[in-house]
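Undergrad: I have a structure here, written as structure tokens, and I will follow up with some questions on it.
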Amino acid sequence: MPDLLGIEYHIWADYIALAFALLACILCAVQIHHHIYHNHHPDTRKYIIRILLMVIVYCIESWFGLFDPDASLYLDTIRDTYEALVIYSFYQLLIYSLGGYENVQHALVLIPMRTFPHMFPFKYCCKDWSFTQGRIASNSFLRNTTIGVLQYCFVQPLMAIITFILHISHCHCYGEGEFSYKVGYPYIAFIRSLSQTWAIYCLVLFYLALKKQPLESDGYQLFTTIRPIPKFLCIKGVVFFTYWQSVIIAGLVYLNWIKPTATWSTNSIAVGLQDILICIEMFFAAIAHCYAF
């Protein structure tokens, strides 16, 4: 097999991934320690710690997946489920940083606009959501953005469970990386993509609406203090970028751009490449978390 300095390339890749994963975990652990002892807001501290733990979960899942590809199925299910918890925690962090649901609803009522128009293309199929309606009204802005974000927390684990069942079934009907109507992969990818898109869209609407608060209001001052944009970019960059990265790698396999070797199948190469990239990316994600949180 090809080697560098007498060491095979895949061994080099494993050790590089380990180095980046260890550095990422150390940075994350230091930051979690800081929040445990210096963050005196328990309502938001627990959500921040859950988000920061994402780096450690991703590193452990990806690095162990490199050494036992057969365990990747079980590890990916855990990671996908934790992704849903991260999205939920981020939304709750925004809500409780602003004082809770009642305070957020009050802040929305103070906005000069009565309703918030949808962006393209949703403006052609969705009615404007009202700031003045309570949380139980069908066109309530707060209710609909909450449902829009939290639906991903149900869809993602459900798709992970279905993927797990299809993987272990004897019919081999998941077909990872296969874009065929006969297997489950394209349908699951499509549903997850729709769910992710809607969750991101609702988070963007939530941010844009709160930006329209009167500048002198307490809600606007709190909103600017929590610096939501860096936090949002960190969440989006880790959760959603890693997913689309896996879809792109699957596409490369489908197009036969990733070819098998004498000892590695295309699927093993694709899974290993995804795991190595995630280990490296988590190091930079940990650095970004130091700034955002």
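The values are calculated or read from the model by the stated rules, or taken from the named source; none is laboratory data. None of the values given here were measured: they were computed from a predicted structure. Neighbour counts are summed over all protein chains in view; Cβ atoms, including those assigned to glycine, are modelled from backbone coordinates with ideal geometry. These area figures cover heavy atoms from the full protein model, side chains too; ligands, DNA and RNA do not enter into them. Shrake-Rupley method; radii C 1.70, N 1.55, O 1.52, S 1.80 Å.
Undergrad: Averaged per residue, what accessible surface does the chain expose to a 1.4 Å probe, in Å²? Show your work: numbers first, answer last.
TA: Numbers: 15300 Å² over 293 residues.
For the chain, the per-residue accessible area is 52 Å².
Undergrad: Using a simple charge model, +1 on the beta-carbon of Lys and Arg, -1 on the beta-carbon of Asp and Glu, nothing else, what dipole does the chain show about its Cα centre, in debye to the nearest 20? Intermediate values should be presented prior to the final figure.
TA: Working: 17 positive and 18 negative charges, 260 e Å.
For the chain, the charge dipole is close to 1240 debye.
Undergrad: His34: accessible area at probe 1.4 Å, nearest 10 Å²?
TA: Spelled out: His34, probe radius 1.4 Å, area about 100 Å².
Undergrad: What's the lysine pair count for the chain at a Cα cut-off below 22 Å, pairs eight or more apart or interchain?
TA: Taking the Cα cut-off of 22 Å, the pair count is 9.
Undergrad: How much accessible surface area, in Å² rounded to 10, belongs to the heavy atoms of Asp218 with a 1.4 Å probe?
TA: 120
Undergrad: What is the diffusion coefficient of region 37-106 in µm²/s, taking the Kirkwood radius over Cα pairs and the Stokes-Einstein relation at 10 °C with a viscosity of 1.306 mPa s?
TA: Stokes-Einstein gives a translational diffusion coefficient of 116 µm²/s.
Undergrad: In addition: With the radius of gyration and the Kirkwood radius both derived from the Cα set of the chain, what is their ratio Rg to Rh? Mind dumping the intermediate values first?
TA: Details: Rg = 21.3 Å, Rh = 20.9 Å.
My calculation of the ratio gives 1.02.
Undergrad: Of all accessible surface on region 43-98 at a 1.4 Å probe, what whole percent is carbon and sulfur? Please report the intermediate quantities before stating the final value.
TA: Values: 1310 of 2100 Å².
Heavy-atom surface of region 43-98 belonging to carbon and sulfur, 1.4 Å probe: 62 percent.
Undergrad: Something else now. Using Cα-Cα distances under 8 Å and only pairs 6 or more residues apart, what relative contact order does region 208-293 have, in percent?
TA: Relative CO of region 208-293 lands at 31 percent.
Undergrad: Shifting gears a bit: Leaving ligands and nucleic acids out of the surface, order Phe141, Phe64, Phe283 by accessible area at 1.4 Å, largest first. Numbers along the way, then the final one.
TA: Working: Phe141 0, Phe64 115, Phe283 40 Å².
Accessible-area ranking of Phe141, Phe64, Phe283, largest first: Phe64, Phe283, Phe141.
Undergrad: Now a separate question. Could you rank the peptides 92-100, 186-194 by their average count of other C-beta atoms within 10 Å per residue, with the highest value first? Walk me through the numbers on the way to the answer.
TA: On the way: 92-100: 19.0, 186-194: 15.3.
Per-residue mean Cβ counts within 10 Å order the peptides as 92-100, 186-194.
Undergrad: Find the relative contact order for the chain and round it to a whole percent, using C-alpha pairs within less than 8 Å whose residues are 6+ positions apart. Write down the numbers at each step before the final one.
TA: Numbers: 333 pairs, mean separation 74.2, N = 293.
Once divided by the residue count of the chain, the mean separation gives 25 percent.
Undergrad: Can I ask one more? From the Cα gyration tensor of region 180-293, with a ≥ b ≥ c the square roots of its eigenvalues, which class applies: rounded if a/c is under 1.5, or else prolate if a/b is larger than b/c, or else oblate? All intermediate terms of the calculation are to be shown ahead of the outcome.
TA: Details: a/c = 5.42, a/b = 2.04, b/c = 2.66.
The shape class here is oblate.
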